[in-house]
Amino acid sequence: MAGRTSFTKRQKEQARQQKNREKAERKSQRKLEKAGRVADDANELERFAQEQAALFQVDADTLHAESTPDDDRE
């Protein structure tokens, strides 16, 4: 009986360790995926910011061109 108890405990411990390894691997995988999404989101935000800056620059140029003749009249 004592041999069987040790064997059962050893099996349980090995199963527990394997489960913890798999859990750590899944956690690591999620971290990598999240980092990839963050990088994609950052690239998308930067592209959006550049588009907005370009629009703002066009608006500022148009606004500046419209306001310049008014300034000359004064």
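Points to keep in mind about this one:
- With R₀ fixed at 35 Å, the C-beta to C-beta distance from Lys27 to Leu55 puts the FRET efficiency at about 0.25.
- Taking 0.36 nm per residue of separation and subtracting the Cα-Cα distance, full extension of the segment from Leu45 to Arg4 would add 8.7 nm.
- ³J(HN,Hα), Karplus 6.51/-1.76/1.60, whole Hz, each residue of segment 40-53, x for Gly, Pro: 4, 4, 5, 5, 5, 5, 5, 4, 4, 4, 5, 4, 5, 4
- Pairwise label distance in nanometres, Ala15 with Ala35, each label 7 Å out on the Cα-Cβ vector: 3.4 nm
We did not get these values from a lab; they are worked out from the coordinates using the rules stated. These figures come from a predicted structure and were not determined experimentally. Cβ atoms come from the backbone with ideal geometry, glycine included; neighbour counts cover every protein chain shown.
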